[in-house]
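Here the structure is laid out as C-alpha cells; the discussion comes afterwards.
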Amino acid sequence: MPAAGKQANSDNLRTSFKTNELNQLPSTNLSGVSIGLLDSACSDVKETLQLELSSWSGLLERTEDLRHLIGLSEAAWQSACVSQGRHLSAACLVVVAEKALRDPDAIARPGGYFRAMIDRANDGKLHLQKSVFGLASGA
C-alpha cells in the first residue's frame, strides 16, 4: 500500500475509533441504568421539556435542551462526552436536570453537580444506578 493510502487508512481508523468511543454504552458506569428506568425516574424533566425518553437516541437528540436547562457550557458537555461517552453523559445530564427541577435549593449549581458526576465516573466512583432508582422511587 502506498504511503498516502496507509495514512488515509490510519486516519479513517482513528476517526472510527473516536466516533465509536463517543457513541458506545460504557458498561461499567451505566450498569443497571436503562432508558426505561430513566423514563420512570425523570417525570419533571419529561413534563418541562415535553421530552420522550423511549430511546437512547431520543435522549441524545435533546441534550442541547437539557444542557441549557442546567446551565452547562458546551465545553463541559464535550469534555464529558470525550471522557465518558455520550450515553453516560446524557444519563447524568437528565438526572441532574431532574434533581434540579425537583428541588432547586438542593443543587445551587447544576452545571457543577454534572461535572462532579463526570469526575466521579472518571475515578470509577459514580453509582448512577442508585441516583436513578432514588429518583424513580420519588426520593
Considering residues of the stretch 103-122 that are part of a loop (DSSP other than H, G, I, E, B) and not charged (D, E, K, R) only, the residue nearest to the chain's Cα centre (by Cα): 107
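Given the criterion out of contact with any Ser or Thr (no Cβ under 8 Å at 6 or more places or on another chain) and at pLDDT 95 or above, identify the matching residue among 60, 69, 51.
60
Do we have any residue at all in the stretch 131-139 that's over 21 Å from residue 37 (Cα atoms) and more than 10 Å from the chain's Cα centre (by Cα)?
Quick first cut of the stretch 131-139, residues over 21 Å from residue 37 (Cα atoms) only: none.
No, the conditions are met nowhere in the stretch 131-139.
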Residue check for residue 125: within 16 Å of residue 33 (Cβ to Cβ), outside any loop (DSSP other than H, G, I, E, B), among the charged types (D, E, K, R) and without any contact (Cβ under 8 Å) to a residue 40 or more places away in the chain: no
Lone unmet requirement of (1) part of a helix (DSSP H, G or I); (2) more than 14 Å from the chain's Cα centre (by Cα); (3) aliphatic (A, V, I, L, M) for residue 88: (2)
The one condition in (1) surrounded by fewer than 22 Cβ atoms within 10 Å (Cβ to Cβ); (2) free of Cβ contacts under 8 Å to residues at least 40 places away in the same chain that residue 89 fails to fulfil: (1)
The stretch 49-86 - residue that is out of contact with any helix residue (DSSP H, G or I) (no Cβ under 7 Å at 6 or more places or on another chain) and acidic (Asp, Glu) and, of those, nearest to residue 31 (Cα to Cα): 61
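For residue 69, state whether it is in contact (Cβ under 8 Å) with a residue 12 or more places away in the chain, crowded, with 22+ Cβ neighbours inside 10 Å and in a helix (DSSP H, G or I).
Working: in contact (Cβ under 8 Å) with a residue 12 or more places away in the chain: yes; crowded, with 22+ Cβ neighbours inside 10 Å: no; in a helix (DSSP H, G or I): yes.
Considered against the rule, which asks whether it is in contact (Cβ under 8 Å) with a residue 12 or more places away in the chain, crowded, with 22+ Cβ neighbours inside 10 Å and in a helix (DSSP H, G or I), residue 69 comes out as no.
The values are calculated or read from the model by the stated rules, or taken from the named source; none is laboratory data. Just so it is clear, the model here is predicted, and its values are computed rather than measured. Here the Cβ is made from the backbone with ideal geometry for all residues, glycine too, and neighbour counts use every protein chain on show.
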